[in-house]
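The values are calculated or read from the model by the stated rules, or taken from the named source; none is laboratory data. The model shown is predicted, which means the values in this text are computed figures rather than measured ones. Quick reminder, even Gly has a Cβ in these numbers, built from the backbone with ideal geometry, and neighbours come from all protein chains shown. With ligands, DNA and RNA removed, areas are computed over all heavy atoms of the protein, side chains included. Shrake-Rupley method; radii C 1.70, N 1.55, O 1.52, S 1.80 Å.
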Amino acid sequence: MPHSTDERRPRDADCAGLAVVGAGPAGLAAAVTAADHGLDVVLLDSAVTPGGQYYRSPPGGLGATRPGALHHGWPVFAELSARLAAHRDSGAIRHLPNHQVWTVERAGDGDWILHAVTGAEGDQRSAVRARRLLLATGAHERQLPFPGWTLPGVVSAAGAQAMLKSGLVLPGRRIVVAGSGPLLQAVALSLTRAGASVPALIEASGYGAYARAPQVLAANPGKMAEGVRHGAALTGAGVRMLTRRAVTDVHGDDRVEAVTVSRVDRRWRPVPGTGREIACDALAVGHGLAPQLELAVAAGCGTRACADGTHAVTLDQQLRTTVPGVWAAGEAGGIGGVELALCEGELAALSVIREMRGGVQRAAARRAVALLRSRRRLRAFSTLMGAVHRPGAGWSEWLTGDTEVCRCEEVTAGRIRTACEEFGAGDTRTVKLLTRAGMGWCQGRTCGFAVRELADAHGSGRGAGEEPDGPDRRPLACPVRLSTLADLAEPA
Amino acid sequence: MRQPLDVVIVGAGVVGAACAYYASRSGLSVAVVDRGSVAGGTTGAGEGNLLVSDKLPGPELELALLSASLWRELSEELSSDIEYEIKGGLVVAASEESLTTLSTTAATQRGAGVEAYHVTSDRLRDAEPHLAPHLAGGCHYPQDAQVQPALAAAELLREAGRSGARLCPGEEVVGILRHRDGAVRGVRTARSELRAPVVVNAAGTWGGDLAAMAGVDLPVLPRRGFVLVTEPLPRLIRHKVYAAEYVSDVSSGSAALQTSPVVEGTPSGPVLIGASRERVGFDRTLSVPAIARLAAQAAALFPVLADVRVMRAYHGFRPYLPDHLPAIGPDPRVPGLFHACGHEGAGIGLAPATGLLIADAIAGRQPVLDPGPFAPDRFDTTCHVT
């Protein structure tokens, strides 16, 4: 097997062969696969324990004896965790938990420097050097605003799931689950299994839309079976499944007491006069996931617009980004779920090995072919899923002028419309400059999609002059103390 | 049928907006085109400084003093809040040596009509309680002010719209229309043609490209700057505070990275930290060395900021001309072409005076100050053959 000169460089503690950012399903699969093939890997993750958002588990001592009961595919995770532990013990993987990478920087010699904050207070700094970079940065939940969504008792669907997985706390006793996307079914099931009553699951799209791509469904019988299984389980748990409906208002003085559910048309415009109240003490709402692209954008990776309305890292078959030396896997390359993330993580690691050594052993090559086939099949399904659940253009009609769109800066839909109609804003950046929408704590992660859609309705997606109309740029992927930045300054 | 246009302004940044405001107010029929939205280029990346303190006596200072009084008028005339605040500037010197230089500068500025007051070392913290101890002294410039630049540009354009100006965002100019004799007759955009006998180049950092479309050279280059934005804080910093070295960095011609601390609070809470300067083309990658130096210098000036979290960082490209003066006025090489660009880091401050000069020049009125030093063809060696 020919080895590149690069690999013959002595292993040194200061520069890993591969840095993997994110220890969710994709990052874990990538790190252990790369280590299996003899690469020295550094694995950075913002969480204390590996698993990411998906395999989130309670901290020890909370008395959860069967964390796997809340997860799908727990044995896979258990196996990956065991391999991670073995590689960590042998020194093949340096696992850096509680390391939040705030930027990646290319050094003069082509190596990557990953700048992270760590420590209990996030006030320690850490810099890691690696020859190659694999981004498995995952996703965050996509939200759409609606009247009343700021009332206590309204929680994000993924947040409700996370609360269950990590602390086993329920956001209420009688919880309506609403929004769009397959996550809602899983969330509703978890909530009922944890003892809550879920009177209704409100889905803005129609599941029937999946039938428009019969070949994709036929190629993914497992996905169909899962949908049917979830549907049956939900019906069994007394959850009414209402499609082509949306929560258009929330009632209650100090917290949620009821929600109004209205019919929506194909474009998600609420149909007047169809509103019906459902009593509840909590609402778990989500509209799918959006890739976390800060580091990919910082590294200069190209992005693409996806069928679900989000942006994702542009990848080739080998999971290479447009920047040499940078790979990505999992949700960062487009929302696709845990099975795809595991597949892509492994495939990306094999791709790294292939590029380093000019090839891989026969068994690994066969494995890569099988993974490629799975990836193609799963990506086709996720594209279909994204298109089915992409918010229809009419969703903004359920907003009133005083509905807050950006909660951090308290910017209402009315102010955003004024910025567009009277001041000529037609893109996210200009709306942000004129209203401060997206300038607060979450840096637009919550409101970014909604603001973009509201602005696009006026400017038809034109770029803001200097910046092309791509994903939001956040050069700092997380807040960093001034003193931490100052420590990096070279003496003048 | 729309009224025929008198003027097409290319660029909806603050300079283009001010040109549109003064031109439409003097009765001209105006259209503003921009490939993006309002304030999409350098205006949106600016801190909104209206400074006289950082300028040495000369044509730029005259322009800045005129602008300072125009901004004061505008803050009363414009119908919505542009966060105008005469907060004053405080320039601080760390060493006796730089204090001496600062005091000499201030003396010459006073001769040119700038208000500048010496602040002794022991009084600095009366002005700014959180300043580091042991600074040598400083100078207070009460005329320095601030606006929120994107709001200011948008409001100027809205007001121009009320006088009949048309705003055409999302339209990229792809060519300048010319008569057979060379005079301009409008612009061609990706979508349409806008015909007018006057075209104003207010394309900022991209002004050189627009000049090239008209066949003339205007050497505008991007000079990148980063700004750090902290989490929202109660008002800790009252003035725009910067180090005396800032003035020499501004006037330097070097392409290498220069940083000098410029720190100020904002009405919304976050503290803004600048200012870096480097000529690296339109490179949009975050420079860790640049922001690290900004952070270190800001923390040295205001130790209280050390534990504060930086929420975001952004960059902008200042439109730089080799002599640090803007190009304002008609281009003798192309009849009907006017330039209003190349203001480097002072575009927000200099915008109203620029707009007024342009409107007067188009209308053939006597200029309020000598526009000679801003002649757009001053870099064109081929024009000055004797």
B:Pro149, sole failed condition from (1) within 14 Å of chain A (Cβ to nearest Cβ); (2) free of Cβ contacts under 8 Å to residues at least 24 places away in the same chain; (3) within 30 Å of B:Val91 (Cβ to Cβ): (2)
Only one residue in A:Ala368, A:Ala348, A:Ala380, A:Ala363 is open to solvent by 10 Å² or more (accessible area, probe 1.4 Å), under 19 Å from A:Ala328 (Cα atoms), out of contact with any Lys or Arg (no Cβ under 6 Å at 6 or more places or on another chain) and among the hydrophobic types (A, V, I, L, M, F, W, C). Which one? A:Ala380
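Any chance region B:129-146 includes a residue that's within 14 Å of chain A (Cβ to nearest Cβ) and closer than 29 Å to A:Thr418 by Cα? Before you say what the answer is, go through the steps one by one.
Kept after step one, since they are within 14 Å of chain A (Cβ to nearest Cβ), are these residues of region B:129-146: B:130, B:132.
Still in the list and also closer than 29 Å to A:Thr418 by Cα: none.
No, every residue in region B:129-146 fails to be within 14 Å of chain A (Cβ to nearest Cβ) and closer than 29 Å to A:Thr418 by Cα.
Can you find a residue that is part of a loop (DSSP other than H, G, I, E, B), in contact (Cβ under 8 Å) with a residue 12 or more places away in the chain, within 14 Å of another protein chain (Cβ to nearest Cβ) and open to solvent by less than 40 Å² (accessible area, probe 1.4 Å) anywhere in region B:28-35?
Here is the first cut: in region B:28-35, the residues part of a loop (DSSP other than H, G, I, E, B) are B:28-29, B:34-35.
Of the ones still in play, those that are also in contact (Cβ under 8 Å) with a residue 12 or more places away in the chain are B:28-29, B:34-35.
In the following step, the residues that additionally are within 14 Å of another protein chain (Cβ to nearest Cβ) were identified as B:34-35.
When the remaining residues are screened for being open to solvent by less than 40 Å² (accessible area, probe 1.4 Å), the result is B:34.
Looking through region B:28-35, at least one residue is part of a loop (DSSP other than H, G, I, E, B), in contact (Cβ under 8 Å) with a residue 12 or more places away in the chain, within 14 Å of another protein chain (Cβ to nearest Cβ) and open to solvent by less than 40 Å² (accessible area, probe 1.4 Å).
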Pull up region A:429-455, narrow it to residues that are open to solvent by 10 Å² or more (accessible area, probe 1.4 Å), facing another protein chain (nearest Cβ under 10 Å) and in a helix (DSSP H, G or I), then point me to the one that is nearest to B:Gly170 (Cα to Cα). A:Arg429
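Can you tell me which of A:Asp253, A:Asp249 is modelled with pLDDT of 90 or more, more than 24 Å from the chain's Cα centre (by Cα), surrounded by 15 or more Cβ atoms within 10 Å (Cβ to Cβ) and acidic (Asp, Glu)? Steps first, answer last, please.
Working: A:Asp253 fails: surrounded by 15 or more Cβ atoms within 10 Å (Cβ to Cβ).
Within the list A:Asp253, A:Asp249, the selection yields A:Asp249.
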Would you mind telling me which numbered condition in (1) assigned to a loop (DSSP other than H, G, I, E, B); (2) out of contact with any helix residue (DSSP H, G or I) (no Cβ under 9 Å at 6 or more places or on another chain) B:Trp206 fails? (1)
Set A:Glu421, A:Glu397: member being surrounded by fewer than 20 Cβ atoms within 10 Å (Cβ to Cβ) and within 11 Å of chain B (Cβ to nearest Cβ): A:Glu421
Could you list all residues from region B:224-257 that are open to solvent by less than 40 Å² (accessible area, probe 1.4 Å), more than 14 Å from chain A (Cβ to nearest Cβ) and either not aliphatic (A, V, I, L, M) or not in a loop (DSSP other than H, G, I, E, B) (or both)? B:His239, B:Lys240, B:Val241, B:Tyr242, B:Tyr246, B:Val247, B:Val250, B:Ser252
Could you list, in sequence order, the residues of region A:435-478 that are in contact with an Asp or Glu (Cβ under 7 Å, 6 or more places away or on another chain) and modelled with pLDDT of 85 or more? A:Arg436, A:Ala437, A:Met439, A:Gly440, A:Gly444, A:Gly448, A:Ala455, A:Arg474, A:Ala477
Subset of region B:258-288 (residues that are more than 10 Å from chain A (Cβ to nearest Cβ) and in contact with a Phe, Trp or Tyr (Cβ under 8 Å, 6 or more places away or on another chain)): B:Ser260, B:Pro261, B:Val262, B:Val263, B:Gly274, B:Ala275, B:Ser276, B:Arg279
With the structure loaded, tell me whether B:Leu218 is closer than 27 Å to A:Pro475 by Cβ and in a loop (DSSP other than H, G, I, E, B) or whether it fails that test. no
Checking B:Ser260 against (1) surrounded by 22 or more Cβ atoms within 10 Å (Cβ to Cβ); (2) under 14 Å from B:Leu301 (Cα atoms); (3) of a type outside the set (Lys, Arg), which single condition isn't satisfied? (1)
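Open to solvent by 40 Å² or more (accessible area, probe 1.4 Å) and charged (D, E, K, R): does that describe A:Arg415? Break it down stepwise before answering.
Working: open to solvent by 40 Å² or more (accessible area, probe 1.4 Å): yes; charged (D, E, K, R): yes.
Taking the combined requirement at face value, the residue satisfies it.
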Tell me which of these A:Asp308 doesn't satisfy, since it passes every other one: (1) farther than 27 Å from A:Val155 by Cβ; (2) not in a strand (DSSP E or B). (1)
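Going by the conditions given, is B:Arg158 closer than 24 Å to B:Tyr22 by Cβ, basic (Lys, Arg) and within 14 Å of chain A (Cβ to nearest Cβ)?
Numbers: closer than 24 Å to B:Tyr22 by Cβ: yes; basic (Lys, Arg): yes; within 14 Å of chain A (Cβ to nearest Cβ): yes.
For B:Arg158, the condition - closer than 24 Å to B:Tyr22 by Cβ, basic (Lys, Arg) and within 14 Å of chain A (Cβ to nearest Cβ) - is met.
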Filter region B:161-181 for residues that are without any contact (Cβ under 8 Å) to a residue 12 or more places away in the chain and more than 11 Å from chain A (Cβ to nearest Cβ) and give the result. B:His179, B:Arg180
List, please: which pairs have Cβ atoms under 8 Å, are six or more places apart or on different chains, and start with a residue in region A:109-131 that is touching a residue at least 24 places away in the same chain (Cβ under 8 Å) and end with one that is charged (D, E, K, R) and part of a loop (DSSP other than H, G, I, E, B)? A:Val117/A:Asp123; A:Asp123/B:Asp307; A:Arg129/A:Asp14; A:Arg129/A:Asp111; A:Ala130/A:Asp111; A:Arg131/A:Asp111
Name the pairs: first residue in region A:406-423 and more than 19 Å from B:Val38 (Cα to Cα), second residue open to solvent by 50 Å² or more (accessible area, probe 1.4 Å) and aromatic (Phe, Trp, Tyr), Cβ to Cβ under 8 Å, at least 6 apart or on different chains? A:Cys408/A:Trp441
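Check B:Arg333, B:Arg312 and return the single one that is modelled with pLDDT under 95, open to solvent by 30 Å² or more (accessible area, probe 1.4 Å) and not in a helix (DSSP H, G or I).
Working: B:Arg333 fails: modelled with pLDDT under 95.
Checking each option against the conditions leaves just B:Arg312.
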Among the residues of region B:185-199, are any open to solvent by 10 Å² or more (accessible area, probe 1.4 Å), under 18 Å from the mean Cα position of the chain (by Cα) and not β-branched (Val, Ile, Thr)? no
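Where in region A:86-195 are there strands (runs of 3 or more DSSP E), lying fully within it, with 1 or more residues that are open to solvent by 20 Å² or more (accessible area, probe 1.4 Å)?
Passing ranges, in order: A:93-96, A:100-106, A:112-118, A:124-135, A:139-141, A:154-156.
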For region B:289-340 the number of residues that are facing another protein chain (nearest Cβ under 9 Å) and under 26 Å from B:Gly186 (Cα atoms) is 0
Note down all Cβ pairs under 8 Å where the first residue falls in region A:201-224 and is modelled with pLDDT under 85, the second is aromatic (Phe, Trp, Tyr), and they're at least six residues apart or on different chains. A:Lys223/A:Phe381
